[in-house]
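Asks: Shown below is the structure under consideration.
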Amino acid sequence: MNHGFRRAYPSALLALGLTVPFCAAWGLYDQTHSLLWVVVAVACGLEFFPLELPGGRQWSTSVFCYVWAADQLGFGAASTTILFSVIAAFLRSAEGKLTGAHLKRLLIALGTHQLALIPAYAALHRALFLPYLIRSALAALVFEFVRAAALALTQSSTRRLRDFAAAFRGLHPAAFLIPASLAALISARETDWTVTLPTAALFVGFLWLSRAHAHLAGECESTRQMYRVLAEHSADLVLIADPAGQISFASPGFLASAGLSRETLVGRSLFDLVAPEDFARFDELFTPSGADGQEHELALEIDGLRVDVALRVTFISSGGPHSSSYLLQARDLAPCRLRAADRLREERLEAVGHLAASAAHEFRNPLTTVMGFVQLFRSQFDEAAPGAYEAIWAELERMKDVTDSLIVLAKPEAVKPIPCDLADVAQSALRACDELALERGISVDLGPLQPAPVLGHPGQLRHMMVHLLRNAIEAAAETHGRVVLSTASTEAEAIVHILDTGPGIPDSVLEHLGEPMYDTQEKGTGMGLMVVHRIVQQHGGKIHIRRTEAPTGTAVEVRLPIHRG
């Protein structure tokens, strides 16, 4: 739009608005018909009760008062009606405020009304061949479109006009026919009030129904938006499909976590997402009688991604054969199964802890006595059988390690946590494992030992790291490999990483590590990894053990909350 026109156009509307009071004065001077004041009063009243249009828009039916006044009483009477009704609308929206900006807006509104009145007046007097009912409805349409276009030009945008046109497309014809019929009846030379009054009552009822409908539509839209927000932010997969199975809505929350987009599912068939082995079960669920709203476990396959879910199918009927749909909610079972496995592990650790409390008490004191006497009679053992002392002492040390592990499981040290660095703990644990590494001929390499401060028990952390290093050394000895120990830190976590190039742990074994009486070594009890899990848990961390392929081996990663003291 030309810059000069944008500046001159509002001024032209202001000037046109200033002509309305003069036209109204001329109409009042020239008009003595008592019905004019009735029409003015009705027009002002209708400004306070606008017709509610779809999309939350409002339309004042006082336009029919302008049309009636223009046809029956002339252009000046129509300007009089416009003047008072626009002032009434201004008072309704201004809330008692009156500033220069308000006054300018009032004059522009008067100008747009006066501009729209000209073609509407022409339509009334040029289309005399049409019945008055059709002429008044046509004039009202012309008036509203011209007024909306004039107002849109003041904002340098056609969006307002498009919105108004969209509202008209959703407007019921009764919105024009009932007011036009009332205007036609009143304009008759011999007014039949037995017909006019019921029509007026019908018009008032129509206004009331439109407001009630708008209120209900607003509540429905608010509810729809609320449920849409819940569905879009849900971690579960929420789908809406028609009776044929075509998906019309898919919640993005679940898809984003799986690395998929909404376009992956919308428009596709539900039957393409069900795993082949569960197709028959889903076919039974996807019926009005089978959609019971209960959870059923089955598998979905979405673009190669297999997910075990608890699926809930609900049939939604809106009354018509083509308005029914299905609501599906699929909850990923992997986190639930992981939590269940963690709970089971905790229950087992607790049970073993109770058993360890009594076993450690019964074994510790006798073991201390036996180890003391073995050291006392060391020379006699060597004389009786060379190497007997070393063999006996090694077995006693192994028994002591098991007893110490039982004590950790039964009753952790009641020591106040202190700040410590996992890099220092790692070096201390490595020194304790040097003899075992030398005996097995294994090289333990130190990777980057970045500072990794934590708040914990140095003794327990050292015990944890020593056990993990011993396991890594034993595994690497089977393939003459090596062990790499490193530490690192992020903004939130301190990390210990231990990698061995041994034979690796099979995937079937990984999920059982840390369980009682389950160990990868023939003489193992599984107690060591149980202790490791308990120490990591007490420090609020997580441990992750996985098999590596390049090179083959096992990687252990312990993550603990970092300490920013």
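Asks: Order the peptides 539-545, 430-436 from the highest to the lowest mean number of other Cβ atoms within 10 Å of their residues.
Replies: Details: 539-545: 16.3, 430-436: 14.3.
Order by mean packing, descending: 539-545, 430-436.
Asks: Along the Cα-to-Cβ line of SER443, 7 Å from the Cα, sits a label point; which residues in segment 476-508 have backbone N less than 11 Å from it?
Replies: 481-483
Asks: For SER261, put the label point 7 Å out on the Cα→Cβ axis and report which residues of segment 293-312 keep their amide N under 19 Å from it.
Replies: Taking a point 7 Å out along Cα→Cβ of SER261, the residues of segment 293-312 whose backbone N falls under 19 Å are 302-305.
Asks: Taking R0 as 25 Å, what's the FRET efficiency between GLN246 and ARG337 from their Cβ-Cβ distance, rounded to 0.05?
Replies: Details: r = 31 Å, r/R0 = 1.25.
Approximately 0.20, to the nearest 0.05.
Asks: If packing is taken as the average number of other Cβ atoms within 10 Å across a peptide's residues, how do 286-298, 472-484, 263-275 rank, most packed first?
Replies: Values: 286-298: 13.5, 472-484: 19.7, 263-275: 16.2.
Going by the mean number of other Cβ atoms within 10 Å, highest first, we get 472-484, 263-275, 286-298.
Asks: Report the gain in length on full extension from PHE271 to GLU397: 0.36 nm times residue separation, minus Cα-Cα distance, nm rounded to one decimal. Spell out each step's value before the answer.
Replies: Values: separation 126, 0.36 × 126 = 45.36 nm, distance 6.23 nm.
Contour length minus the Cα-Cα distance gives 39.1 nm.
Asks: OK, next. Under the 0.36 nm per residue contour assumption, what length would be gained going from the current alpha-carbon distance of THR479 and ARG547 to full extension? Each step should come with its number before you reach the end.
Replies: On the way: separation 68, 0.36 × 68 = 24.48 nm, distance 1.52 nm.
Gain on extension, THR479 to ARG547, equals 23.0 nm.
Taken together, the values in this text are just the output of simple stated rules run on the coordinates, not laboratory data. Quick caveat, the model's predicted, so the values are computed rather than measured. Note that we place each Cβ from the backbone using ideal geometry, even for glycine, and neighbour counts take in every protein chain shown.
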